[in-house]
Structures are given as structure tokens and as C-alpha cells.
Amino acid sequence: MSNPDTVPFHLAGAFAPVHEERTDVELEVIGEIPADLRGTYVRNGPNPRTGRSPAWFAGEGMLHGVRLEGGRARWYRNRWIAGACPPNTSVVRHAGRILALVETRSPVEVTAELETVGPYDFGGALGGAMTAHPKICPRTGELLFFSNGPSRPHLTYYRADAAGRVVHRAAIEVPAMTFMHDFAITERYVIFYVLPVLLGDVRSPVPIRWDDDFPARFGVLPRDGGDEDMRWFDVAPCTISHTVNAFEEGDTIVLDAVRAPRIMMPHALHRFTFDLSSGRAAETALDPRFLDFPRVHPAVVGARHRRAYTIELCDFGADGSFSRTTARQHDLETGAAVVHDFGDDAMPGECVVAPRPGSDAEDDAWVILFVHRRDGSATELVVLDASRFASPPVARVRLPCRAPLGLHGEWLPDLAA
Ligand SMILES: [Fe+2]
């Protein structure tokens, strides 16, 4: 591990795994944590126990949490998720349960203090793996998600009610298991991406392959529909890493996503439209930069959004590496974007939006993220004001130790008593 020339990017610098679990209380804060900001920021990411792994996505999952309450940063905790196959990708809280997720396995439930409870399968209703990108509908409180797997029917769609009970399940006919990392919802529909990225050599660190003969299609399904209700839309061959958001505009569905024309190529912000009357799809590029980790305000999921947050991945290498990032706030009505400058020495991770309690306005919110030193020497939790994204942070919480640059986080606000 000592020679930087032989260490793969995902084990070095800001990405390097940590080797211990810690609990630290009363953290140093620069600035002022808003008193309204009560809850826990939790972030998942690969952190191989041995310190080594063949690819960034291969390490055991570790959660990092920072508890904000009463204008103070009460604690920092980091915990490996326990078990044989610890999910390393994301976190969701639904119906009082906090679930750690990875798309190849079923979820693992954890406590508010990040201790592992154990595997969770929705009372036996979940038959296999679960996407790491389920969607919580802000209007109904439902959790919508899917399972994607190597055996038929490959794709299964699930809808759980606000109490966490699976109330709808539909097997969807697709020709093969494709790489399907994310999907989208609108008020009445769910949208699946069945694209020419198929399973490749499972021994490879990145076991996917491009198939020129596999048609690229998006499937639009009513939320309570089955396979027979699916409307398929042909699109130009592409791959999608993450959804920004989707919404309905009359008979048209608008989907913003992060798209690339092939695998192992930079992704960029892209808008698709699906006309349910004519059956036609159209698409347009929104921003040509290499962007990913898109997020929107949780109150606009499935509804019209104006704001999106992304991370620009800079100095992209052939091995999938990147050594610089910037955090951006997009205004998708004007096409403008604002960059928050954390300095050349900093690598911001994914932004999450923490609404101001009692407000659903996109800009009446805070943006929370981890910002890592590029050399891996330190990490801060940063709170920005969404209405003044480029302004200096409202607060910076110095973590007592470094945390690796990871994958997806979530803000878990305290629920009203
Ligand atoms: Fe993801």
C-alpha cells in the first residue's frame, strides 16, 4: 500500500478505506448549524475490511453518520454493516426502518446509531435483490422499488405503502438481465431503463458489457400496473447511471437522467420525453459536462423540479478514476448552473437536500455533503444554504477522522413528535 503508483485509485487518497470504527461526541463546528436542522446525515460507501478490493464498488459497506441537533454536531459514528454481503451503496429510511442497500442483495436494516439489525425482506414479500435507488413518493409516502436479477423474470416491480407493507408486485418481461442501477417515478407512473448493458464476465471487477444488438428501451408502467400495461419507448443506444427526477406534463413524461452513449464513457445531464399519446420518445442534452450523483429536493420527487444538484467528476481516467470534483446546483428552467468552490484541495461528494421543516420550497432548504481533502487527510460535513449555493457554508463540521469518498448519503430528519 506504500507505493502510490501501484495502488488503484479507489484505495488511495480521498478514496482510501479506514480501518477502525469510531464513536466521537460533540464535534468541532465552524459557523452555525441551523437550529431547525435536527436529524442525522448518513452516508454509505465501500470500505474493504482487508484494505484491498478489486474495484471501487467491491468493498464491504460502511456507514458514516453525523448527528445534528440543537445547533450542535452531537456525534460522529462509522460502522461496517455486518453480515456476509454488506450493502455498500446507499441508505433509505421508510416506515421507521433504516435500510442499507446494494442492487445485488436484499437490504440490511440498521439502527439510528448505525448498528446492524440484520437482513430485511419486507416480511417475506421481497423475493430477491432490491435496487439501491428506491423512491419515496412525497405525496403518498409509498416506497417504490424493483428487483433485478439473473433469473427470469429478471425484473420485478414493487410498491410498499406508507406503513412499509408491499401492496403491489409485478413481474416484468425483459429479454435479459441488464445493468439497471436506477429508475424513476412520476405521480402516476414508474419508468424502467432496459438498455444494452448486459452482464459480462462475472470474474471481472466491472462485470458488464455493451451489446450492440440489444435494443435500448424505456418502459413506462402505471404505478399499479402489470406487464400487460407497460408502454415501451425506443431510444438511441445509451447507458444511464442515475435518475435526476421525472414528472408528467399532460400526456408527456419528462425524465432527467445522467446518460452516456456507451459504457465507460463520461455521463452527462440529459432530458428524455415520452409522449404517451403518440408513443414517441425524444431527447436533448442539458449539460455536456461529466456529471453524476444527481439529487433533487425530496418534496419534488415524481413532480416538476427546477433545481438539481450534481457532482462534476474531473480528470477522468481510463480506469474509471477521477481525481477532482466540484459541486453544482442546476436551474433546469434557465439552464444555468452555480458551482460551489471548495478549493483545489477539496473533493465534494454527493449533495443531499435537507428541507427546512414546514417548507417544501426547493430553495428553502439546506444542502448537506461530505467534503474530502484530495490527499485523504481530513473530511468535513458541510451545510450550504440552497438559496445561496455559492456562498460560504452555513456550517462546517470537522470529522474527528477522515472518511473515504463514498457513494450515496441521506438526510434523516427527526420525525415530528
Ligand atoms: Fe447509485
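Values for this structure:
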item: Evaluation of Ala55 against (1) hydrophobic (A, V, I, L, M, F, W, C); (2) within 16 Å of the ligand (Cβ to nearest atom); (3) without any contact (Cβ under 8 Å) to a residue 60 or more places away in the chain; (4) surrounded by fewer than 22 Cβ atoms within 10 Å (Cβ to Cβ) (one fails), failing number; result: (3)
item: Residues that are within 16 Å of the ligand (Cβ to nearest atom) and acidic (Asp, Glu), drawn from the range 260-317; result: Asp292
item: Residue ID - nearest to Leu114 (Cα to Cα), chosen from residues in the range 1-50 that are of a type in the set (Val, Ile, Thr) and touching a strand residue (DSSP E or B) at 6+ places or on another chain (Cβ under 6 Å); result: Val42
item: Residue match in the range 60-80 (condition: in a loop (DSSP other than H, G, I, E, B) and over 20 Å from His408 (Cα atoms)); result: yes
item: Residue among Glu109, Glu113, Glu103 that alone is charged (D, E, K, R), part of a loop (DSSP other than H, G, I, E, B), over 30 Å from Arg304 (Cβ atoms) and modelled with pLDDT of 95 or more; result: Glu113
item: Every residue from the range 385-417 that is in a loop (DSSP other than H, G, I, E, B), small (Gly, Ala, Ser) and either crowded, with 20+ Cβ neighbours inside 10 Å or within 16 Å of the ligand (Cβ to nearest atom) (or both); result: Ala403, Gly406
item: Members of the range 222-255 found to be closer than 20 Å to Ser277 by Cα and buried (at least 22 other Cβ atoms within 10 Å of the Cβ), listed by number; result: Ala246, Ile253, Leu255
item: Single match in Arg328, Arg356 (criterion: more than 16 Å from the ligand (Cβ to nearest atom), surrounded by fewer than 20 Cβ atoms within 10 Å (Cβ to Cβ) and not hydroxyl-bearing (Ser, Thr, Tyr)); result: Arg356
item: Strands (runs of 3 or more DSSP E) contained in the range 140-219 and holding at least 2 residues within 16 Å of the ligand (Cβ to nearest atom) and among the hydrophobic types (A, V, I, L, M, F, W, C); result: 143-148
item: The range 98-133: number of residues that are of a type outside the set (Ser, Thr, Tyr), closer than 18 Å to Arg43 by Cβ and away from the ligand (no atom under 16 Å from the Cβ); result: 8
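The values are calculated or read from the model by the stated rules, or taken from the named source; none is laboratory data. Treat the numbers as computed from the prediction; the structure is a model and nothing was measured. Cβ: placed from backbone, ideal geometry, glycine included. Neighbour counts: every protein chain shown.
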